Amino acid sequence: MVAFFASTILAVIVLRFVPVFFTPLMFIRLAQQQHEGKEMKLNHTWVSLERISPSLPVAVIASEDGKFLQHHGFDFEAIEYAAKRNREHPQKRKLGASTITQQTAKNVFLWPGRSWVRKGFEAYFTVLIELFWSKQRIMEVYLNSIEMGDGIYGAEAVAREHFGCTAKDLTRSQCALVAATLPNPRKFSSKSPSSYMLKRQSRILREMKNVPVFPKEGVDSGER
């Protein structure tokens, strides 16, 4: 137990400063591609938050986690709402309530799945990340590690492959479109968006007007 806590805490502290070049999900997807006889693809380039369009953090907050700057890793109101909705409408698709911090914990340290064991580890790493990382670092790692297409990970990779530009040059509209795909980036494409994706993009663009500009390290911002 001592070794587990010491090693996991050390890993979180180290990754507060070191770029995350690979995640467990990347290797899992490569194994799945090989098993299915597909071409093995891993497109990922780490870039600092300063080299990512300032509209992308705003877009993912509007789409994925509206209270990201206020909560400490868990949005208990969203969890309560999702639990109630899933209980009252079991026939519908399960509604999740994972925050950006929880998704980052899962992407960087864990594996996909819905088991209680994995959820327990996710909660543990979420607490550690919120304790040792700033919101800016969480967002930086999230935008670099999140799956954004089949074999595509992070803002720089999706910008170059789907839009022919760098992450820094993504437009507000393109950022909203990327955010629209995040619930299922291997099903929904920001390169060839369906009418459903375009509707989600429009909704996210409207909601982005109510999200403050993402602050720089050590700076609070209420600007929109």
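The values are calculated or read from the model by the stated rules, or taken from the named source; none is laboratory data. The shown structure was predicted, so the numbers you read here are calculated from the model rather than taken from an experiment. Heads up, the Cβs are rebuilt from the backbone with ideal geometry, glycines too, and the neighbour counts pull from every protein chain shown. Note: areas computed on protein heavy atoms with side chains; ligands, DNA, RNA excluded. Shrake-Rupley method; radii C 1.70, N 1.55, O 1.52, S 1.80 Å.
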Counting only other residues whose beta carbon sits under 13 Å from that of residue 73, what net charge do I get with K and R as +1, D and E as -1? -1
Longest to shortest principal axis, alpha-carbon extents of the chain, angstrom: 50, 47, 43
Return the loop-located GluC sites (Glu not before Pro) in region 119-224 (DSSP other than H, G, I, E, B) with at most 10 other Cβ atoms within 10 Å of their own Cβ; answer none if there are none. 223
Quick check: with the 1.4 Å probe, what order do 35, 162 take by accessible area, largest first? 35, 162
Mind checking the full-extension length gain between residue 17 and residue 34? Use 0.36 nm per residue of separation minus the Cα-Cα distance, one decimal, nm. 2.9 nm
P(r) over all Cα-Cα pairs of region 14-78, 10 Å bins from 0 to the longest distance, whole percent per bin, short to long, reads 16, 28, 37, 18, 1
